[in-house]
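These notes are about the structure you will find just below.
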Amino acid sequence: NYRTLPNRDNRGIAGHCMGGYAAMYLSMRHPDVFGAAVSHSGTLMTSGLLPDMQTILAGENPEGLTLTGPDPAKPWTSMLYLFSAAFSSNADNPPFYVDFPFDENVQLREDVAQTWAAYDLLQIFPDHVAALASLRGIYLDAGDKDEIGEQLIAQAFSEALSTAGIEHQIEIFDGAHMDKLYTRLAVSLSYLSD
């Protein structure tokens, strides 16, 4: 579910309303639709997400990973459902219709990790350099205390953009994954407006 907002060249902007990952992914794949992209703490490298997520999930689930549905007391475990729906959906696996990348002992499932890797934007980057170069703007940010290391991923994506000669803006701010959303939106919306 995404929305485009028209700009001067009749292409839209992809931003946080669809998630930092989806904004960049859709812009890479559809530069004819989107003219700029903003990624706030985007999971641009899906394979890099799993080690930190494994540590956090083990902390939230010390007795083992029992996946009975999202739980407000376990925010990162709840996010696992969202990530799995995006990267490893499985219509033949009720009740959640996803394959989780961790087993009940919070051990990595290599088969599912490979499925997630297919969505890794750094892996597919070489196939989309021209699309990214055609965008009128690319903005990335992440908190320096991001619990799942998104600041490192944003920096790696920024380096790939720089190596390809694609202009962009990146900011690593003082905060965590879900910190300062409204402050960061003010920065990115100003960037898009300019």
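Here is how the numbers come out for the structure above:
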| quantity | calculated |
| --- | --- |
| Cα gyration tensor category, rounded, prolate or oblate, for segment 74-120 with a/c compared to 1.5 | rounded |
| Degrees, to the nearest 10: 150-163 long Cα axis against longest axis of the chain | 40 degrees |
| Shape call, segment 103-146: gyration tensor on alpha carbons, a/c limit 1.5 | oblate |
| Antiparallel %, DSSP beta bridges [both residues in the chain], to 5 | 15 percent |
| Backbone N within segment 39-54 under 17 Å of label point (7 Å from residue 180 Cα along the Cβ vector) | 39-42 |
| 0 to 90° range, to nearest 10: angle between helix 46-60 axis and the chain longest Cα axis | 40 degrees |
| Rounded if a/c under 1.5, otherwise prolate or oblate - the chain, Cα gyration tensor axes | prolate |
| 5 Å binning of all Cα-Cα separations within segment 106-182, expressed as whole percents from 0 upward | 3, 14, 20, 19, 18, 16, 8, 2, 0 |
| For the chain, accessible area per residue (1.4 Å probe, heavy atoms of protein chains only), Å² | 51 Å² |
| Within the accessible area of segment 86-171 (1.4 Å probe), percent carbon and sulfur | 47 percent |
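The values are calculated or read from the model by the stated rules, or taken from the named source; none is laboratory data. Keep in mind that what you see is a predicted model, and the values were worked out from it rather than measured. Because the Cβ atoms are built from the backbone with ideal geometry, glycine has one as well, and the counts that use them run over all protein chains shown. With ligands, DNA and RNA removed, areas are computed over all heavy atoms of the protein, side chains included. Shrake-Rupley method; radii C 1.70, N 1.55, O 1.52, S 1.80 Å.
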